[in-house]
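The values are calculated or read from the model by the stated rules, or taken from the named source; none is laboratory data. Given the structure is predicted, the values throughout are model-derived calculations rather than measurements. No Cβ is skipped: glycine too gets one built from the backbone with ideal geometry, and neighbour counts run over all protein chains shown.
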Amino acid sequence: MANVNDFFSHKNTVKKITDTARIQLTDYLEVIKAFARTTYKSIYVIDYQEKGFEYVSDNPLFLCGYTAEEIKDMGYQFYFNCVTPKDLDLLVKINTIGFDFYDKIPLPERKEYTISYDFHLKTPSGKPILINQKLTPLFLTEKGKIWKAMCLVSLSNEKESGNIQITRKGYQQVFIYDLKGSFWKVNEKRMLTEQEIEVLQLSARGFTIQQISETICLSTDTVKYHRKKLYEKLGVTNISEAIVYATNNRLI
């Protein structure tokens, strides 16, 4: 049975923080709080030395009926209370394979990587919701261990949990973990054409197909064609899912 310590890899044990490393912290939480006020996503900060949450935003998406302070005090027990049992085991596995991957990255590059995955949270109504979580390092120890990390939580556009991906800033490759085969594979990021991006951006603003047609001077049939190609590229079935996917994966 999983326990809280399963979320904290021995490969990333943070015991003592030097004064030099602590200089990084000057007023950094004020920046996080300002960011939280400007986004619809939930944000929290993990402290790997304290093995808990240093900050939790008050966006209700991630709170599962608790207050932000209650979750902060709860720490990783939150996952045992609010994640479905099957996905709790998944999170432990993600933690293990994520740190195994991270341990092989050269130290100067370690802040450039972000891991993304989906899992179910219980809600007060009793119906679980599928969320996407992206985790990236904020501060490292002098030995390159993750001291603090920031997590962004949003609604997932996927159909089921898993979907484990690691990306590196400025690179087109995506590392995707195959849960059945237990290995990483490398894919290229999905790239959109200029017109596909225009269609998505205008759709996100609430434009109809007719309005998009008039705005970018294309026939309605051509706009419909671009939408169809978008759905195929992104693996979605409608424009709402396409907008969520593109936004979560920074395609627009």
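Scan region 49-62 for residues that are over 24 Å from His10 (Cα atoms) and out of contact with any Asp or Glu (no Cβ under 8 Å at 6 or more places or on another chain) and jot them down.
Ser57, Asp58, Asn59, Pro60, Leu61, Phe62 - these are the residues of region 49-62 that are over 24 Å from His10 (Cα atoms) and out of contact with any Asp or Glu (no Cβ under 8 Å at 6 or more places or on another chain).
Name the residues in region 70-98 that are in a helix (DSSP H, G or I) and β-branched (Val, Ile, Thr), would you?
Ile71, Val92, Ile94, Thr96, Ile97
Looking at region 1-38, which of the residues that are among the hydroxyl-bearing types (Ser, Thr, Tyr) and touching a residue at least 40 places away in the same chain (Cβ under 8 Å) is farthest from Ile94 (Cα to Cα)?
Applying the filter and picking the extreme gives Thr20.
Where residues in region 30-63 are under 18 Å from Leu121 (Cα atoms) and surrounded by fewer than 17 Cβ atoms within 10 Å (Cβ to Cβ), which of them is modelled with the highest pLDDT?
Asp58
Among the residues of region 137-173, write down those that are farther than 30 Å from Lys15 by Cβ and within 13 Å of the chain's Cα centre (by Cα).
Let us first name the residues in region 137-173 that are farther than 30 Å from Lys15 by Cβ, namely 154-163, 165, 170-173.
Result: Ser154, Leu155, Ser156, Asn157, Glu158, Ser161, Gly162, Asn163, Gln165.
Need the failing condition index for Tyr245 against (1) of a type in the set (Ser, Thr, Tyr); (2) at pLDDT 85 or above; (3) outside any strand (DSSP E or B), just the number.
Of everything listed in (1) of a type in the set (Ser, Thr, Tyr); (2) at pLDDT 85 or above; (3) outside any strand (DSSP E or B), Tyr245 misses just condition (2).
Looking only at residues in region 104-113 that are assigned to a helix (DSSP H, G or I) and more than 16 Å from the chain's Cα centre (by Cα), which one is farthest from Tyr177 (Cα to Cα)?
Initially, region 104-113 is screened for residues assigned to a helix (DSSP H, G or I), giving 107-112.
Checking which are more than 16 Å from the chain's Cα centre (by Cα) leaves us with 107-110.
On the way: Leu107: 22, Pro108: 24, Glu109: 20, Arg110: 19 Å.
Within region 104-113, the match that is farthest from Tyr177 (Cα to Cα) is Pro108.
Does any residue of region 16-29 turn out to be surrounded by fewer than 18 Cβ atoms within 10 Å (Cβ to Cβ), in contact with a Lys or Arg (Cβ under 9 Å, 6 or more places away or on another chain) and closer than 26 Å to Thr247 by Cα?
There is at least one residue in region 16-29 that is surrounded by fewer than 18 Cβ atoms within 10 Å (Cβ to Cβ), in contact with a Lys or Arg (Cβ under 9 Å, 6 or more places away or on another chain) and closer than 26 Å to Thr247 by Cα.
Out of (1) exposed (fewer than 13 other Cβ atoms within 10 Å of the Cβ); (2) touching a strand residue (DSSP E or B) at 6+ places or on another chain (Cβ under 9 Å); (3) assigned to a helix (DSSP H, G or I), the odd one out for Phe101 is which?
Of everything listed in (1) exposed (fewer than 13 other Cβ atoms within 10 Å of the Cβ); (2) touching a strand residue (DSSP E or B) at 6+ places or on another chain (Cβ under 9 Å); (3) assigned to a helix (DSSP H, G or I), Phe101 misses just condition (1).
What single numbered condition from (1) assigned by TED's automatic domain parsing to the domain that holds Leu90; (2) surrounded by 14 or more Cβ atoms within 10 Å (Cβ to Cβ) fails to hold for Asp178?
Condition (2) is where Asp178 drops out.
What is the number of the single condition among (1) closer than 19 Å to Gln133 by Cβ; (2) not assigned by TED's automatic domain parsing to the domain that holds Ile94 that Ser219 does not meet?
In the conditions (1) closer than 19 Å to Gln133 by Cβ; (2) not assigned by TED's automatic domain parsing to the domain that holds Ile94, Ser219 misses (1) alone.
Taking region 124-163 as the search range and keeping residues that are buried (at least 20 other Cβ atoms within 10 Å of the Cβ) and closer than 20 Å to Lys233 by Cβ, which one is modelled with the lowest pLDDT?
Asn157
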